[in-house]
Amino acid sequence: MLSLRSLTSLQRHSEYNLVTEIATTALAAGQTISVLVNHNDKLKVIAVFAFGDAVKANAKQAIDTLHQMHIRCVMLSGDHFAAANRVATAIGIDETFAPIMPANKAGIISSLKIAGNQQPRQWIAMVGDGINDAPALSTADVGMAMATGTDVAMQAAGITLMHGDPLLVSNAITISKKTWEKIQQNLFWAFIFNITGIPLAAAGYLSPMIAGSAMALSSFFVLSNALLLNRWQPTLAKTS
């Protein structure tokens, strides 16, 4: 099997023009080309393969949801630029890096963290599922691995998404933010109860029975506030 770069060796054959035409058309459509030839018959062309990744039905919805959260989306791809750009354009990716080697993904993640001396540091979340994504997942501030991917990716990531649904990325970010808000609220009210109750108890204005009731009320309030997270509903894929 030969790549498109090897097509120049076929110029002496009548198939060259046809193969070139097919390859040019496929590349323009964002596909990757491979040519199968017979080495025992003067490199006679047997078949031309055009490979393309199918975009998930809810990928664009996932990107749109992230944009609504004011999150910039960047794609790192090992495919040639035409193939990567086709997908990026279809789903609304903001910036595309292609083609890049797996070892360079971590370097790009590191460079994205630093927006410049005049701008604040950017916080990066990396989503991946392959062995080649592991270094980038560990380099990012937050690594998200798909449970449908490799074990190495899941071990390198801080978060594992239980399905291969891209909408889970925005859902994970949303529930994380809401959980952090509840932690802050609970800490605030716990301090309020203690700051109010301890001086009163030290001054002798609170009996042990009232102080114990106040402590129980504080625990009940904090627990009830945390359970309000059960009202949160994840973003679901739109059905046509």
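No value in this document is a laboratory result; all are computed from the given coordinates. Fair warning: this is a prediction, and the values are worked out from it, not measured in the lab. Reconstructed Cβ throughout: ideal geometry from the backbone, glycine too, with neighbour counts over all protein chains shown.
Per residue of the chain, what 222 nm ellipticity follows from adding -39500 (n - 2.57) for every DSSP H run with n ≥ 4, rounded to the nearest 500?
It comes out at -15500 deg cm²/dmol, rounded to the nearest 500.
Only sites in a loop by DSSP and with at most 16 other Cβ atoms within 10 Å count here; which trypsin sites (Lys or Arg not before Pro) in the range 65-108 make the cut?
Loop-located and lightly packed - ARG72.
For a Förster distance of 41 Å, can you work out the FRET efficiency between the beta-carbons of LEU227 and GLU95, rounded to the nearest 0.05?
0.50
In terms of modelled amide H atoms, which long-range or inter-chain residues lie less than 5 Å from the amide H of LYS44?
ASN38
Excluding residues fewer than 8 places away in the same chain, name every one of the lysines whose C-alpha is closer than 24 Å to that of LYS177.
LYS60, LYS113, LYS238
Putting +1 on Lys and Arg Cβ atoms and -1 on Asp and Glu Cβ atoms, find which of GLY212, GLN155, ILE198 reaches farthest to the positive end of the dipole of the chain.
ILE198
Could you pull out the trypsin sites (Lys or Arg not before Pro) across the range 151-240 that fall in loop regions by DSSP (anything but H, G, I, E, B) with no more than 13 other Cβ atoms inside 10 Å?
Filter output for the range 151-240: LYS238.
In terms of modelled amide H atoms, which long-range or inter-chain residues lie less than 5 Å from the amide H of ILE100?
SER77, GLY78, ASP79
Listing VAL74, VAL127, VAL19 from the residue with the fewest other Cβ atoms within 10 Å to the one with the most, what is the order?
Arranged by neighbour count, lowest to highest, VAL74, VAL127, VAL19 become VAL74, VAL19, VAL127.
Need one number: convex hull volume per residue for the range 43-166, Cα atoms only, in Å³.
It comes to 143 Å³ per residue, whole-number rounded.
Diagonalise the Cα gyration tensor of the chain and give the resulting equivalent ellipsoid semi-axes, square root of 5 times each eigenvalue, largest first, whole Å.
Taking √(5λ) for each eigenvalue gives 57, 17, 15 Å, largest first.
Which of ASP79, ASP165, ASP141 has the fewest other C-beta atoms within 10 Å, and how do the rest follow up to the most?
Taking fewest neighbouring Cβ atoms as first place, the list is ASP141, ASP165, ASP79.
For VAL127, which sequence-distant residues (separation of 5 or more, or a different chain) have an amide H within less than 5 Å of its own amide H, given hydrogens modelled in the peptide plane?
The list, which skips near neighbours in sequence, is MET144.
In the range 131-240, which chymotrypsin sites (Phe, Trp or Tyr not before Pro) are in a loop and have at most 11 other Cβ atoms within 10 Å, using DSSP for the loop call?
When the chymotrypsin sites (Phe, Trp or Tyr not before Pro) of the range 131-240 are filtered for loop state and at most 11 Cβ neighbours within 10 Å, TYR205, TRP232 remain.
Hey, what do the phi angles of the range 169-178 turn into as Karplus ³J(HN,Hα) couplings, whole Hz, using 6.51/-1.76/1.60 and θ = phi - 60°, x for Gly and Pro?
Each residue's phi maps through the Karplus curve to give 5, 5, 5, 5, 5, 5, 5, 5, 5, 5 Hz.
With θ taken as phi - 60° and the coefficients 6.51, -1.76 and 1.60, list the Karplus ³J(HN,Hα) couplings across the range 95-101 in order, rounded to whole Hz; mark glycine and proline as x.
With coefficients 6.51, -1.76 and 1.60, one gets 8, 10, 10, 6, x, 10, 7 Hz.
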